[in-house]
1. Quick one: residue 374 ticks every box in (1) outside any loop (DSSP other than H, G, I, E, B); (2) buried (at least 20 other Cβ atoms within 10 Å of the Cβ) bar one, so which box is it?
2. What tally of residues in the range 126-153 results from selecting those that are under 12 Å from residue 425 (Cβ atoms) and at pLDDT below 95?
3. Which members of the range 104-149 meet the condition of being surrounded by 17 or more Cβ atoms within 10 Å (Cβ to Cβ), in contact (Cβ under 8 Å) with a residue 60 or more places away in the chain and of a type in the set (Gly, Ala, Ser)?
4. Based on this model, can you work out whether residue 437 counts as closer than 26 Å to residue 365 by Cα, in the same structural domain as residue 196 (by TED's automatic domain parsing), crowded, with 17+ Cβ neighbours inside 10 Å and touching a strand residue (DSSP E or B) at 6+ places or on another chain (Cβ under 8 Å)?
5. Going through 332, 300, 319 one at a time, which residue ends up being of a type in the set (Gly, Ala, Ser) and over 22 Å from residue 424 (Cα atoms)?
6. Please find, among 151, 182, 227, 138, the residue that is in contact with a Ser or Thr (Cβ under 9 Å, 6 or more places away or on another chain), hydrophobic (A, V, I, L, M, F, W, C) and under 22 Å from residue 279 (Cα atoms).
7. Need a quick list: strands (runs of 3 or more DSSP E) entirely within the range 160-223 having at least 3 residues that are touching a Phe, Trp or Tyr at 6+ places or on another chain (Cβ under 8 Å).
8. Which one is surrounded by the fewest Cβ atoms within 10 Å (Cβ to Cβ) among residues in the range 334-348 that are charged (D, E, K, R) and free of Cβ contacts under 8 Å to residues at least 60 places away in the same chain?
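The values are calculated or read from the model by the stated rules, or taken from the named source; none is laboratory data. For clarity, every value in this text was computed on a predicted model and none was experimentally measured. All Cβ positions, even for glycine, are placed from backbone atoms using ideal geometry, and neighbour counts span all protein chains on display.
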Amino acid sequence: MASRPAASQWAADCAILEGLPRGGKRLRGTMPRRGIVPRWRPVQYLGGVRAGRIAIRYTMYDVSNMGHRMSLRPGRLVLIALLAGMAGGSLPDGAWAQPAPQPVDLDALAQYQVVVDREPGQYLGHPTTCLLEDGQTILCVYPKGHGRGAIVYKRSHDGGRTWSPRLPTPPSWETSKEVPTIHRVVDSRGKRRVIVWSGLYPARLAVSEDDGETWSELQPVGEWGGIVVMGFVEPLRTAPGHYLAMFHDDGRFFTANGKATGTFTLYQTRSTDGGLTWSFPKAVYRSSDVHLCEPGCIRSPDGKRMAVLLRENARRKHSHIIFSEDEGATWSEPRELPLWLTGDRHTGKYLPDGRLFISFRCRSPSAEAAQRPFEGDWVAWVGTWEDLISDQPGQYFVRLKDNRKGYDTAYPGVEVLPDGTIVTTTYGHWESGQEPYILCVRISGAELDAVAQGQR
């Protein structure tokens, strides 16, 4: 890292941009000239001239001067005079450019969007998806209602380009109390099945023996339940047919007559028969200070380490992450993630080039929400495993679609096709005043790179 520059040096570096024509010009690598922040791209776009001053879009700066704190965050336009005005003194500790991924906005790019299901006047929400081994068939389930209601089931045979009508389901699927989740499982003999969970008490499970052509009724798996059952179902390396799944509860649904306790507990359960039966859940973490929930699992590239990303529902902290190096036998203490990975219901997959694509609802702690781009929208983070575990910014912070009503969006399914196409699916209020509906975005890593290049 370069030595800390004097404020006058900042002013001199800024001054080279004076006098550029009104209307704006793209800038790359222009500022700072003297390597003050060699690792980051502080300037992304010259927005134009306001009253003789140049407006710049910064990746992220956090500047302090004489007790006055100023934060310049992704996507915000600020006047160059704000930096030039600091001439004559030294910048205090901490006045460095901070890393942040490049914002990328896909909202208006309809060529990447496919409507999965929409019903006028009917709330459709919270889908999950399952990609079958042919690399094209995607199964999707979601409730008719906010987090509960009859389960709707659809299928795509062409990687999400088109979707079937709503498919027949067993009568008990009409009684689902919570968000359904769908997962591929394989037993020790290689028998493939698809399972659908329905949460609250008791947690129930439906099974398909024929890749989703027919289904069993929902049946209780034990005398326990929880919220968003299951956040994930992860195959274990301990033996074929072994799986680990996680969910959470706040005291209301783990038992038959539960009550809210103000404490959130993260649970895990295991299967050793290919997902047909599940153990009594074990508590992994509980706290009344931070409410960790909605777990999403990602493995290291070599498969030896599991990371679980967690929503923080008290809205006091960022999202958290925990790690296991022994197939879930033990877990690290939770630690906070950076703001760019903070949100709800993380779901991630690797792209063919090794990058991670993690989709989630953009939801910040209350104190930071007003300053963050894409707050309340359906977003994704693109980076590497090393970025994830070392709190590095990664490459992109992507808005997939603008949600027009609060935070009511983005329990996403994420699949990656053999050709590298990302197919991510969720619900949201995509039109003001209308009920939410189900949308998928299909985009390759190369296409995302091209969009990002055009928005720099």
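1. So the condition that residue 374 fails would be (1).
2. Result for the range 126-153: 0.
3. 125
4. no
5. Of 332, 300, 319, the one residue that is of a type in the set (Gly, Ala, Ser) and over 22 Å from residue 424 (Cα atoms) is 332.
6. 182
7. 181-186, 204-208
8. The qualifying residue surrounded by the fewest Cβ atoms within 10 Å (Cβ to Cβ) is 335.
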